[in-house]
Amino acid sequence: MNETILNSLSNIHSDVLNGTYYNNRDFARKILNYPAMMVPSVQESIIKTLINDMPEGVSMIDPFMGASNALTTGMRYGASVFGQDINPLSVLISQVKTSVYEYSLKNSFLELKGRINRSRSSKIDVSFKNIDKWFKKEVQVQLSQIRRAILREENLKFRKFFWVALAEAIRLNSNDRTSTFKMHIRTQEEIQKRKLNPIESFFKICERSVEDILNVRQELENKDLVINNSYKHTASVKWGDSKKSINSDDQFRLLITSPPYGDNQTTVTYGQFSYLPLQWIPIKEISDEISIDYLSVIQQIDTQSLGGNLPKDFKKIEEKMFNKSNSLKRFFDGFSIDERKKAKKVISFINDLDITLDNILPKMGENSYQAWTIGNRNVNNKVVQNDKILIELLESKGIDLFIDLERDILSKRMPGRNNFSNTMDKEKILIFKT
Ligand SMILES: C[S@@+](CC[C@H](N)C(=O)[O-])C[C@H]1O[C@@H](n2cnc3c(N)ncnc32)[C@H](O)[C@@H]1O
């Protein structure tokens, strides 16, 4: 059987792996433009192959679920899915995308629209440090009108959907540039010139997203995967720091994930991307399990994420990690003493990834597969070979590589090259078997 799976995996066409012809509205992927989202066709081809011989309802995990594109793809093939992420915005979008929405969402949207159109109050309901820097006054007024109208929707599942649409409207109507994931203010001239209408933009996003999310439902229904307005199997998403624990008691047969490629500050600042939208969405609407004060400072989520903090006993960590990964040692040795601060951040990130692996592996059942999509990066013109390092870390825990596939990064939502000059144009999909 191994041979058949190996053959099928190695025969996946490069167009599929590269996501050349994928539809970006598929899987409701467009309802929020979360950073570094996976391209569904890539994971779809792998999930489809691996799941083929597994029973329906087989359990799948993504410990870095992001916008839950892996999870929603797994659902399309009848998997029970579990995901977690440290970013509350990822949790919200994932709650929405892994839910089966009733067709009455359309009516709810019409009612919400009516409430917003009737709103005359210019009261601003949210306040935080520098709000006037990030939002024009008239934008604050309109966002508050939308926010109040959402809070008057009775159904929490529907409210969550509208919060996600609001998050996207905030992204497009703040004074933050949309070309980078880091918070970066537009010039005063640009800010003055821009004609913004957040309500109109919110309506447009909602119209498109209602259609997309109901298409997902239709697709699951066509596959007999919907019973009583719910997904037939389990779909559970949680807030959680995977470095601390995996918050599920289940055993999994499949892991499909794409971890960060380095600490958020120097790769993709998921936290900064989420900071402004999260100011407008009440925390209790997302989850009461969130235990970080993510609104305290802009950097909070990013510093709590993998590699966000340098460990105190660095010497010990260094030794431990070099024992596990020769490629990491070679990378570090390439740095002069003066340059080593940056290299230390890489070691700290890899150490956090290693701790996370120790949390994940006991959750993987017998005959399970793990598919990790991971890319390398440059630090001071030296390549961090994340792919080789991950293989070595897993080898040190007795898990061997089954097959590796390579893809061109054509369509993944990465930061502009200038802002993330260390991005490579290829990444690997490493598949392990236990
Ligand atoms: C590349 S994204 C995942 C993309 C996702 N597979 C998709 O298709 O949308 C990486 C995710 O890892 C999350 N992350 C970083 N550190 C984490 C940690 N310690 N625990 C859980 N999630 C973490 C980030 O918030 C981010 O959402």
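List of remarks:
- Within segment 16-31: backbone nitrogen closer than 14 Å to the ASP408 label point (7 Å, Cα to C-beta): 16-22
- Relative contact order %, the chain, counting alpha carbon pairs below 8 Å whose residues are six or more apart: 20
- Estimated inter-spin distance, ASN380 and GLU3, nm [label 7 Å along Cα→Cβ]: 5.0
- Taking the alpha carbon gyration tensor of segment 220-339, multiplying each eigenvalue by 5 and rooting it gives semi-axes of 35, 22, 14 Å, largest first.
- Within the listed set ALA235, ALA149, ALA67, the residue fluctuating most in the Gaussian network model of the chain (springs between alpha-carbon atoms under 10 angstrom) is ALA149.
- Per-residue ellipticity at 222 nm from helix content only, as computed over the chain with -39500 (n - 2.57) for each DSSP H run of at least four residues, stands at -13500 deg cm²/dmol.
- 17 Å tail of the calculated P(r), segment 95-156, as % of Cα pairs: 51
- The Cα-based radius of gyration and maximum Cα-Cα distance (Dmax) for segment 255-399 are 16.7, 49 Å.
- At 0.692 mPa s and 37 °C, Stokes D of segment 29-76 from Kirkwood alpha-carbon radius, µm² per second: 286
- Cross-link table LYS329/LYS397; LYS133/LYS426; LYS320/LYS433; LYS123/LYS284, entries beyond 29 Å C-alpha to C-alpha: LYS133/LYS426
- Within segment 346-375, backbone nitrogen closer than 14 Å to the virtual label 7 Å beyond the Cα of LYS320 toward Cβ: 347-359
- Distance between the pseudo-spin-label points of ASN309 and ILE337 (7 Å out from Cα toward the beta carbon): 2.9 nm.
- Computed over the chain with a Gaussian network model linking Cα atoms closer than 10 Å, the most mobile of ILE399, ILE47, ILE246 is ILE399.
- Förster radius 35 Å - calculated FRET efficiency between SER245 and LYS157 (Cβ-Cβ, nearest 0.05): 0.85
- When the alpha carbon gyration tensor of the chain is reduced to an equivalent ellipsoid, the three semi-axes, largest first, read 36, 28, 18 Å.
- If you plug the beta carbon distance of SER104 and GLU366 into 1/(1 + (r/R0)^6) with R0 = 60 Å, you get a FRET efficiency near 0.90.
- Principal axis analysis of the Cα atoms in segment 44-171 yields extents of 58, 34, 20 Å, listed in decreasing size.
- Formal net charge of residues neighbouring ILE61 (Cβ-Cβ distance under 10 Å; K, R +1; D, E -1): 0
- With R₀ set to 51 Å, the beta-carbon distance separating LEU401 from GLU190 gives a calculated FRET efficiency near 0.60.
- Residue among ASN247, ASN52, ASN87 with the largest mean-square fluctuation in a Gaussian network model of the chain, springs linking Cα atoms under 10 Å: ASN52
- Linear extension gain, ILE283 paired with SER127, 0.36 nm per residue minus alpha-carbon span: 54.7 nm
- Distance between the modelled labels on ASP15 and SER179, one decimal in nanometres: 3.3 nm (7 Å Cα→Cβ projection).
- Diffusion coefficient, µm² s⁻¹, Stokes-Einstein with Kirkwood Rh over alpha-carbon pairs of segment 107-246 at 25 °C and 0.890 mPa s: 141
Read the figures in this text as sums done on the coordinates, not as results from a lab. Worth saying up front: this structure is predicted, and the values here are computed from it rather than measured. When we count neighbours, we look across all protein chains shown, and the Cβ atoms used for this are built from the backbone with ideal geometry, even at glycine.
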